[in-house]
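All remarks here apply to the structure that follows.
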Amino acid sequence: MDALLQVSVDGFRFENGSGSCCKPRNNNLESGTNLFPSFHEPQTQSSSPNDSPPSVCLDNSPVLKYINDMLMDEEDFVGESRDNLALQAAERSFYEILQQQSPESDHTTSSSSDQNSGDDPFFTSISTTTTSADSAALVSNGESQRKYRHRDDEEDDLETNRRNKQPAIFVSEMEELAVKFEHVLLVCKANQEEDESSITKQQSQQPNRAGRAKGSSNRSKTQKPNSVDLRSLLTQCAQAVASFDQRRAAEKLKEIRSHSSSSGDGTQRLAFYFADALEARITGNIAPPVSTPFPSSTTSMVDILKAYKLFVHTCPIYVTDYFAANKSIYELALKATTLHIVDFGVLYGFQWPCLLLALSKRPGGPPKLRVTGIELPQSGFRPSDRVEETGRRLKRFCDKFNVPFEFNFIAKKWESISLDEIVINPGETTVVNCIHRLQYTPDETVSLDSPRDTVLKLFRDINPDLFVFAEINGMYNSPFFMTRFREALFHFSSLFDMFDTTIQAEDEYKNRALLEKELLVRDAMSVISCEGAERFARPETYKQWRVRILRAGFKPATISKQIMKEAKEIVRKRYHRDFVIDSDNNWMLQGWKGRVIYAFSCWKPAEKLTYNHVSI
């Protein structure tokens, strides 16, 4: 959800936040600081020109098995980010938090709450359970925690829950739990054959791909057909809102709500959330969690993982985009001694473990890997926490795979980043990576100097050997509300229909709701209820992106036929037959029932600059 996934709450008030997380924290983190100096010398073994790339797995299919292993014991492992707890403590009393726990688990609440208060955003911690049998199991699972926890510490938890401090012994335990989380992201070639055989078995047992039935979900089939045209009602309500006819808009909203539900079929859920957005536009009451382009801070990490698992299992978008991006980068780096990836929108780093594993198996040994992780600042006093933690996680992967590694980070608005803040060394192979994130950078309708074009110019000034780009193919960016609303209605109708068709098991509905809220509703709320700078979602069609990128000084790079072939095989074998994947003018296009929803492409500078940028 990367994104769920895109899967994230970032504020825009903090401009500082680039540098190193290994230095003592200060208020003015310096840009370009080496976070993880290389602890290995690059292997200099040369490979002959005839060497072919090793057969490595660059897709994310076994991730499902690892997530299942992590989450199989119901709520044995629960994780919440440090900022999540800080926000919850500020907004809710400790009594309200206790109300969420069952009476039987009160005696373990103090241990759980104290642990979560210092929890890493991406690690998992042991949670409490409600039965006596489970409590006995908890004694075994949490034995190491009780070495430093006592029941008489319960009173201290009221204060501890409001702090973001980690005991040293807790950090060591989190390191052990980190191993379980890292399994979520690893793709091992040894599991590829097992995964492919299970897919073949599913195909032989059921006529549709990945066991997905064609048509609507079983749940929607059992409901009475909806005789009301909710899309028409939504359009009429939007017209009333646009003409400032509040009485008629209120009447239409009431009618929509009587026929919609957050747990109904795809159309009913779409109407429910669009009604919320229209009401927010009327009242002006837009909640902070849905006024930013990132997942809510109140969403626990374990829920994000569950939603990410569901998304990967039901939708090929991220799987194929990550696969195409990683394999394009891998092919570029076959002869490189140093590979530098400048990742705009690194977020949790879900994209990179597969590439790291492939680089570790490269003929002649892996290159030295430098990653510059760039993110928007988080709200609060630690704007760079998330990107710092991503760097630490990537270092653990590189340690595991013996890949020389260096990490730098920047946490600020992208349009305010200067080239001097990005350390580009002579002689290294450089890649700019931006997957599904540039639509959140303002365009010329917000500012005449177009922050979006400014960022693209920065991409060009980096002078990369390859620019990897993927984005939503959307037409709902008109400055006129009704035009924007109609296009958003068409676009999100396809997405809700996609989830309604592919997610059928009742035990998946909760995760589907989270997935829709974090992936769809947030953007829809921005498009419908906000204007001006507050409207953060500003997509464009892939043809508009093409013009903008060409204008920035890039030229298209051809996606290899082998990459396209393998990406199509991923979609054909593993996903519902209504998913489509095709190519057009050096773009890889993905969609649902004929509608193009996402687009992927690779680019190179139109003219390679002859000078090298060196920042000290």
Original post:
chymotrypsin sites (Phe, Trp or Tyr not before Pro), restricted to the range 227-280: which are DSSP loop and have at most 11 other Cβ atoms within 10 Å?
Top reply: 244
**OP:** Report the extension gain between residue 580 and residue 420 in nm, rounded to one decimal, defined as 0.36 nm multiplied by the number of residues separating them, less their alpha carbon distance.
**Re:** 53.4 nm
Subject >> residue 573 paired with residue 482, simple spin-label distance in nm, labels 7 Å along Cα-to-beta-carbon >> reply: 5.0 nm
**OP:** Using the charge dipole of the range 462-616 (Lys, Arg: +1 at Cβ; Asp, Glu: -1 at Cβ; taken about the Cα centre), state which of 476, 554, 513 has its Cα farthest towards the positive end.
**Re:** 554
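Per residue Cα convex hull volume for the range 523-616, in cubic angstrom?
Numbers: hull volume 18.2 nm³, N = 94.
Per residue, the Cα convex hull of the range 523-616 comes to 193 Å³.
Got the relative contact order for the range 475-616 handy, in percent, Cα pairs under 8 Å and 6 or more residues apart?
Working: 130 pairs, mean separation 29.1, N = 142.
Computed value for the range 475-616: 20 percent relative contact order.
In the structure shown, do any of 412/565; 335/561; 252/517 have a Cα-Cα gap over 30 Å, and if so which? Provide the component values of the computation, followed by the final result.
Values: 412/565 38 Å; 335/561 21 Å; 252/517 23 Å.
412/565, as the Cα separations exceed 30 Å there.
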**OP:** Please give the solvent-accessible surface of residue 598 in Å², to the nearest 10, using a probe radius of 1.4 Å with every protein chain present.
**Re:** 20 Å²
Original post:
Over the range 253-375, what relative contact order in percent results from Cα pairs under 8 Å that are six or more residues apart?
Top reply: 17 percent
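Per residue, how much accessible area does the range 463-545 have with a 1.4 Å probe, in Å²?
On the way: 2590 Å² over 83 residues.
Ligands and nucleic acids excluded, the figure is 31 Å² per residue.
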Original post:
Say the cut-off is 18 Å between C-alpha atoms; which of 309/510; 327/361; 568/604; 309/400 go over it?
Top reply: 568/604; 309/400
Original post:
If one computes the Cα centroid of the range 234-279 and of the range 460-534, what distance in Å separates the two points?
Top reply: 18 Å
Original post:
Largest first, what is the accessible-area ranking of 243, 560, 384 with a 1.4 Å probe?
Top reply: 243, 560, 384
Original post:
Which residues' amide hydrogens lie under 5 Å from the amide hydrogen of residue 384, considering only partners 5 or more residues apart or on another chain, with H built in the peptide plane?
Top reply: 378
**OP:** Provide the per-residue ³J(HN,Hα) series for the range 342-358, in order, calculated from phi with Karplus coefficients 6.51, -1.76, 1.60 and θ = phi - 60°, each as a whole number of Hz, with x at glycine and proline positions.
**Re:** 9, 9, 7, x, 5, 6, 8, x, 4, 6, 8, x, 4, 5, 4, 5, 5
Subject >> For a label point 7 Å along the Cα-to-beta-carbon line of residue 595, residues of the range 453-473 with backbone N under 18 Å >> reply: 471-473
**OP:** Sort 346, 547 by accessible area with a 1.4 Å probe, largest first.
**Re:** 547, 346
Original post:
If R0 is 60 Å, what FRET efficiency do you get for residue 565 and residue 248 from their C-beta distance, rounded to 0.05?
Top reply: 0.65
Original post:
For all pairs of alpha-carbon atoms in the range 530-571, what percent lies in each bin of width 10 Å, listed from the first bin to the last filled one?
Top reply: 22, 25, 36, 14, 3
Subject >> Carbon and sulfur %, accessible surface of the range 390-513 computed with the full protein complex present, 1.4 Å >> reply: 53 percent
**OP:** Quote to one decimal, in nm, the extra length available between residue 381 and residue 261 on full extension: 0.36 nm per residue of separation minus the C-alpha distance between them.
**Re:** 39.4 nm
Subject >> Accessible area of the range 232-292 belonging to carbon and sulfur atoms, whole % at 1.4 Å probe >> reply: 50 percent
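Given Cα pairs under 8 Å that are at least 6 residues apart, what percent is the relative contact order of the range 324-370?
Numbers: 31 pairs, mean separation 25.5, N = 47.
Relative contact order, the range 324-370: 54 percent.
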**OP:** Mind listing the long-range amide H neighbours of residue 372? Cut-off is under 5 Å, sequence gap 5 or more, other chains count too, H placed in the peptide plane at 1.01 Å from N.
**Re:** 341, 342, 343, 408
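The values are calculated or read from the model by the stated rules, or taken from the named source; none is laboratory data. Owing to the predicted nature of the structure, the values given are computational and were not obtained by experimental measurement. Positions of Cβ are generated from backbone atoms using ideal geometry, with glycine treated the same way; all protein chains shown enter the neighbour counts. Note: accessible area is taken over every heavy atom of the protein model, side chains too, but ligands, DNA and RNA are not part of it. Shrake-Rupley method; radii C 1.70, N 1.55, O 1.52, S 1.80 Å.
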